[in-house]
Amino acid sequence: MIKIYTIAVLCLSAVSFAQEGPFSAEYRFNPDNVDCLPEQSRSAIKQRLAGTVAELKSQGRLSSQMPQGAHILFDWPVVKNPGTTYNNVWSISNHVDHNAAFPNALSDYMCGTRTYDTGAGYNHKGVDIFTWPFTWYQMQNNQSWAVAAADGVIIGKDNGNADQSCTFNSNQWNAVYVLHEDGSVSWYGHLKNNSLTPKVVGDAVSSGEYLGVIGSSGNSTGPHLHFEVYDAQDNLVDPYAGSCNTWNDSWWETQKPYLDPKINAVYTHSALPIFPNCPQVETPFFKDEFNVGEAVYAMGYFSDQAVGASVTINLYRPDSTLAYTSSAVSNNLWYSSYWYWIFGTTQLNQTGIWTLSFTFAGQTVSHQFAYGTSLGAEAFEADRQLAFYPNPANDRITFNRAISNVQAITADGKRVELSVSGETADISGLPTGLYMLRATSEEKQTILKLVKH
Ligand SMILES: [Zn+2]
């Protein structure tokens, strides 16, 4: 279950007030521990993958030599859709459990308890990376992607399974499995139905290449990526090195810190976003253009906010002078949280383009909004943005909404009309190279960059 614990409840009766805030709340992902994948499913998957690898080898499509030398290193397996305005789209709910006892005998790689096990004897075998903020909204709009953590060959794809799980169940997941050159295999589980890369088993993928949209298929309580890794000898790998990981050293190119505080997003809204019960999609109430007198909900969304961490808000007038500043200190460790202030005419005493910024853990992220004016034709609300995936792709790209027309513009200015159908455009006829795409959907027109490999 996903639950929201609201620390402060607001009753807004007027928009002309001195100042409202700070308010804050935790967004709790996955508080009920579930087995991400039943053991019988896991062994069936392993058998199937081994069969596929043997077959690809017999066909000469994979080297039959045993890999030698050091293990590969991973890049991060989650990226945001580049068409979105989030600063970041994820936080971590669970690591691998190194304590073989159960239940409630937990040790993540740093000897902490950011992991889980079950009474049935399952010790969590992957890294759970959940999407934040607006996890269901992100899934609905294809905004957070699982990508290959290293170069490799696809050796398995599972698709066709329901992707809105909220509780313990025996559903099958949608997943992609990638074999790497050192013989290790990485698993990407819980993907959105029908979002998987069009590449097929036996095709090569590059590090960072799109595999699918993060979803909640299979045994899952909300959209997240379950990233599970086996070495060439089929030993479970925890890619994080730490004092309680006695199995292996770090498999990350750059290992992220245990607590990794981040600003995931800064937005303005017309009201407090609604975070309904799983699997209903959040209502974000994004708003970037306000009339004079309307309340502006100025919100920052954070990951890994530790006790004592401070959040600073700054509000700058159209003439760049500081209209408001405040700081708040966290009393809790929250893996995902939001802080907000509500502004009215007292602070918003000029019309024009205002800048809201939040500073947290040494990072500052800003967001512009119009007050008593409009942002102009170039800017539009985040939820209206036109974006596509995958990129890189092989023969087609899929947009986040139906498109009526797409032109590919070459470096020397030639325009190629692409054939489009619903949300997809066919790029099979384009030679490899860099293009600008002029895509039109409803009243929106967007220029996007495409790298055809
Ligand atoms: Zn998991």
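What to note about this one:
- Based on alpha-carbon atoms, the Kirkwood radius and the radius of gyration of the range 110-235 give Rg/Rh equal to 0.96.
- In this structure, the residue pairs whose Cα-Cα separation is over 29 Å, taken from K192/K262; K125/K452; K262/K452, are K125/K452; K262/K452.
- Rounded to the nearest Hz, the phi-derived 3J(HN,Hα) couplings of the range 361-370 under the Karplus curve 6.51 cos²θ - 1.76 cosθ + 1.60 (θ = phi - 60°) are 6, x, 9, 10, 10, 10, 8, 9, 9, 9, where x marks glycine and proline.
- Hull-based mean projected area of the range 180-250, where the convex hull spans the alpha carbons, in square nanometres: 6.1 nm²
- Here the range 171-244 is treated with +1 on each Lys and Arg Cβ and -1 on each Asp and Glu Cβ, and its dipole about the Cα centre works out to around 400 debye.
- Computed [θ] at 222 nm, deg cm²/dmol, the chain (DSSP H ≥ 4; -39,500 (n - 2.57); rounded to nearest 500): -2000 deg cm²/dmol
- Its residue count N sets the reference 2.2 N^0.38 Å, and the alpha-carbon radius of gyration of the chain equals 1.03 times that reference.
- Computed from backbone phi with θ = phi - 60° and the Karplus coefficients 6.51, -1.76 and 1.60, the 3J(HN,Hα) list for the range 316-326 is 10, 5, x, 8, 6, 6, 7, 8, 7, 9, 7 Hz; x is used for glycine and proline.
- Computed from Cα atoms, the angle from the helix 39-58 axis to the main principal axis of the chain rounds to 60 degrees.
- Over the range 287-327: Rg over Rh, Cα atoms, Kirkwood Rh: 1.05
- Normalised size of the range 187-310, defined as Cα radius of gyration per 2.2 N^0.38 Å with N residues, equals 1.44.
- Lys, Arg +1 and Asp, Glu -1 on Cβ, resulting dipole of the range 211-314 about Cα centre, debye, nearest 20: 340 debye
- Only the Cβ atoms of Lys and Arg (+1) and of Asp and Glu (-1) were treated as charged; on that basis the dipole of the chain about its Cα centre amounts to roughly 520 debye.
- Simple rule: put +1 on each Lys or Arg Cβ and -1 on each Asp or Glu Cβ in the chain, find the dipole, and look at G362, L437, V266; the Cα lying farthest toward the positive end is L437.
- Amide H contacts of Y27 (H built 1.01 Å from N, in plane; Pro and chain starts excluded): S336, S337, Y338 sit under 5 Å, all sequence-distant by 5 or more or on other chains.
- Nearest-0.05 FRET efficiency for R438 and S320, computed from C-beta distance (R0 41 Å): 0.75
No lab work stands behind these numbers, since they all come straight from the coordinates. In this text the structure is predicted, and so the values were computed from the model without any measurement. Methodologically, a virtual Cβ is constructed for each residue, glycine included, from the backbone with ideal geometry; neighbour enumeration extends over all protein chains shown.
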